[in-house]
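One structure is given here, and the rest of the page talks about it.
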Amino acid sequence: MLDAVEGPQDVIAELQAFRESMRTLVSQVAAQMALRNKMNDQKVEALCAKIETAVRDYSNMLMRQNAVRTSHEANASDHDALIALRREWGVASTRSSLLRVELNQWSLMRDMIQLQVASRKKRVPLYEKQQSPLAKAQSSASDHVFDWVHAILNQHKQSGDAYESGCFPDIALPNSEFHKHLHAAYRVLLAMEKTDRMRFLDVGCGGGLKVLSARRYFKESDGLDYQQTYVDAARAILEKADAEDATAFQADALTFDGYDGYEVIYFYRPIRDHEKIIEMEKRIVDSAQPGALLIAPYCGFAQRYAELGCGRVDGAVYMAKTSQNKADQWRRKAEQTGVAVVQAEEERMSTIWTPLLKASRHSGYDIARHVPLI
Ligand SMILES: C[S@@+](CC[C@H](N)C(=O)[O-])C[C@H]1O[C@@H](n2cnc3c(N)ncnc32)[C@H](O)[C@@H]1O
């Protein structure tokens with residue numbers, strides 16, 4: 001910190017030096033967060049104490065800078081000189097206010113860091129063992145409403161051709177069930193550190209609501225369906241949602257050859273016909289990347305996954321071309337990630353906290369935002 005602040009240029013230099021020293025401290029904490037359960041908690045505590053002190057010092061620094069500015073203004077010879085002085089101080093004042101706003105977020109950052117320190121030796125299961133009766137009743141009502149929305153958005157009947165080909169019509173998996181599986185798969189991807197490539201495919205997407213929902217978790221979401229009128233309905237929703245990261249297209253799950261382009265493949269028993277569903281499962285597993293996550297919430301797959309060469313991670317989440325041992329290892333790793341769903345959020349303006357937020361979100365932790373209701 002400069003000993004004597006004499007004018008706006010000194011203030012700008014002082015702010016720059018402060019920002020640099022904060023940046024160094026924040027990157028050191030971020031590096032610790034990236035170590036996940038191997039972080040050094042004492043080091044983190046010491047770094048947090050330094051940040052805490054710096055944030056407190058900043059208030060005193062602002063008071064000193066304000067005092068200099070006020071005395072400059074008081075000594076202005078006339079009105080024009082006063083206006084010129086204010087203009088001169090403008091950049092310094094804006095920068096110090098911006099930094100103040102950034103530093104005000106420290107308490108949120110500290111809570112997020114403390115949660116990671118406290119959780120480093122704990123595990124949170126991918127699926128909750130038991131839902132409270134209250135939560136059950138609420139999600140069941142919400143699912144019901146979601147079914148209404150689903151019916152409103154896709155009013156097309158199943159085509160004769162699709163029926164003849166052994167397809168099921170567009171019957172939706174309950175929304176809350178879907179999110180449980182998405183969340184579990186998302187945490188496995190965090191454990192695998194695959195946050196840069198997170199592509200999701202709904203095989204038999206019907207009216208596309210699941211593709212839309214998956215955008216909350218993954219970078220790209222696609223849906224394919226046998227029936228063109230369903231695809232049209234899905235496209236209409238995605239277009240209305242301005243979903244540039246999502247597409248719906250017509251394809252037959254039995255001949256589609258792009259399964260290897262996805263990290264997460266979801267199929268909710270699209271096909272009625274027993275032989276054909278097995279043929280589809282084989283095709284998906286054979287062409288998926290090793291380690292791709294398969295979300296298959298129906299009994300038949302639960303009986304066949306092992307002979308198809310998959311490991312079951314947990315619940316309805318399976319891993320293609322993976323032994324059960326390996327799948328169990330990934331489950332345990334995934335249970336050590338945080339539970340925040342952060343990946344699909346829009347890029348925000350970079351601040352001093354960006355490296356810390358990036359490292360934390362990479363492990364499933366985020367700041368707790370309190371969004372005002374009105
Ligand atoms: C049970 S619904 C699932 C809808 C949605 N995925 C969900 O989970 O809510 C099955 C969907 O798969 C589609 N489908 C059936 N057979 C298919 C095939 N061979 N290729 C592509 N889509 C198919 C149907 O048209 C229908 O929209």
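The values are calculated or read from the model by the stated rules, or taken from the named source; none is laboratory data. Quantities reported herein were computed from a predicted structural model and do not represent experimental measurements. Counting neighbours? That spans all protein chains shown, and the Cβs are built from the backbone with ideal geometry, glycine included. Each accessible area value is taken on the protein alone, full model and side chains, heavy atoms only, with ligands, DNA and RNA left out. Shrake-Rupley method; radii C 1.70, N 1.55, O 1.52, S 1.80 Å.
Compare R283, R87, R331 by solvent-accessible area with a 1.4 Å probe and give them largest first, with all protein chains kept in place.
Largest to smallest exposure gives the sequence R87, R283, R331.
Could you tell me the center-to-center distance, by alpha carbons, between the range 38-60 and the range 252-318 in angstrom? Between the Cα centres of the range 38-60 and the range 252-318 lies a distance of 48 Å.
In plain terms, if you count all Cα to Cα distances in the chain and split them into 10 Å steps from zero, the share in each step is 5, 19, 24, 19, 13, 10, 6, 3, 1, 0 percent. The listed peptides 200-211, 88-99, 229-240, ordered by packing as a protection proxy, come out as 200-211, 229-240, 88-99 (highest mean of other Cβ atoms within 10 Å first).
Arrange the peptides 117-123, 217-223 so that the one whose residues have, on average, the most other Cβ atoms within 10 Å appears first.
Per-residue Cβ counts within 10 Å, averaged per peptide and sorted highest first, yield 217-223, 117-123.
Mind pulling the angle between the C-alpha long axis of helix 133-153 and the longest principal axis of the chain? Nearest 10 degrees, somewhere in 0 to 90. In the chain, helix 133-153 runs at an angle near 70 degrees to the longest axis. Straight-line reach from K282: taking Cα to Cα under 19 Å and skipping same-chain neighbours fewer than 8 places apart, the lysines in range are K321. To make sure I understand the rule: partners must be lysines, Cα under 22 Å from the Cα of K38, and not fewer than 8 residues away in the same chain. Which ones qualify? In chain and number order, the partners are K50, K121, K122, K194, K326, K333, K358. The sum of -39500 (n - 2.57) across all DSSP H runs of n ≥ 4, divided by the residue count of the chain, sets its helix-only mean residue ellipticity at 222 nm to -18000 deg cm²/dmol. Placing +1 on each Lys and Arg Cβ and -1 on each Asp and Glu Cβ, with no other charges, gives the chain a dipole about its Cα centre of roughly 1480 debye.
Convex hull volume of the Cα atoms of the range 38-149, normalised per residue: 222 Å³.
Scanning residues 5 or more positions from W353 or on other chains, none has an amide H under 5 Å from its amide H, with H placed 1.01 Å from N in the peptide plane. Partners of K136 within straight-line reach, counting lysines whose Cα lies under 21 Å from its Cα and excluding those fewer than 8 residues away in the same chain: K180, K210. Split the accessible area of the chain by element, probe 1.4 Å, and carbon with sulfur accounts for 53%.
Accessible area per residue for the chain is 53 Å², calculated with a 1.4 Å probe on protein heavy atoms, without ligands, DNA or RNA.
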